Amino acid sequence: MNKGERPPWDAAGTEIFTNVPVSLFLEVMMMGSTRVAELLLCHGAEPNCADPTTLTRPVHDAAREGFLDTLVVLHRAGARLDVRDAWGRLPVDLAEERGHRAVAGYLRAAAGD
């Protein structure tokens with residue numbers, strides 16, 4: 001792609017990533033696609049957006065599913081790791097429940113525990 005040329009998915013010149021819906025961003029986190037997460041974050045997706053019903057955030061989904069690379073991307077983009085979901089669980093709690101030791105270790109280290 002040449003400088004000034006629009007990517008094929010944006011041929012019409014629309015800002016497709018502006019105001020990324022929370023539901024879409026949360027779905028992407030559950031798939032664990034680090035590259036897509038980076039792309040959405042670079043184009044304005046909010047790393048701390050919460051599901052209005054469950055209060056889960058992208059870091060909860062990444063921790064629960066064991067997606068360490070995605071979790072690191074979210075954290076570097078400003079995602080908070082100290083937020084609880086509607087059931088009072090932190091991302092580290094979800095990682096530990098699912099046996100994702102590397103993810104839980106990262107979360108504990110980032111929290112200074």
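I'd like to check something: does region 67-86 contain any residue that is among the acidic types (Asp, Glu), part of a loop (DSSP other than H, G, I, E, B) and either modelled with pLDDT under 90 or in contact with a Cys (Cβ under 7 Å, 6 or more places away or on another chain) (or both)?
Residues of region 67-86 that are among the acidic types (Asp, Glu), as a first pass: 69, 82, 85.
Filter once more, so that each one left must be part of a loop (DSSP other than H, G, I, E, B): 82, 85.
After this cut, where a residue has to be either modelled with pLDDT under 90 or in contact with a Cys (Cβ under 7 Å, 6 or more places away or on another chain) (or both) as well, the list is none.
Scanning region 67-86 turns up no residue that is among the acidic types (Asp, Glu), part of a loop (DSSP other than H, G, I, E, B) and either modelled with pLDDT under 90 or in contact with a Cys (Cβ under 7 Å, 6 or more places away or on another chain) (or both).
Check GLY112 against each of (1) on the phi > 0 side of the Ramachandran plot; (2) under 10 Å from the mean Cα position of the chain (by Cα) and name the one condition it does not meet.
Checking GLY112 against (1) on the phi > 0 side of the Ramachandran plot; (2) under 10 Å from the mean Cα position of the chain (by Cα), the one that fails is (2).
So, in region 51-64, of the ones that are of a type outside the set (Lys, Arg) and touching a Leu at 6+ places or on another chain (Cβ under 9 Å), which residue ends up modelled with the lowest pLDDT?
ASP51
Contact list please: Cβ distance under 6 Å, first residue in region 30-42 and free of Cβ contacts under 8 Å to residues at least 12 places away in the same chain, second residue surrounded by 13 or more Cβ atoms within 10 Å (Cβ to Cβ), pairs at least six apart or on different chains.
Close Cβ pairs satisfying both conditions: VAL36/VAL28.
Can you tell me which residue is modelled with the lowest pLDDT among those in region 90-113 that are surrounded by fewer than 18 Cβ atoms within 10 Å (Cβ to Cβ) and not in a helix (DSSP H, G or I)?
Residue satisfying both the conditions and the ranking: ASP113.
The values are calculated or read from the model by the stated rules, or taken from the named source; none is laboratory data. Just so you know, these numbers come straight off a predicted model, no measurement behind them. Note: ideal-geometry Cβ built from the backbone for every residue, glycine included; neighbour counts use all protein chains shown.
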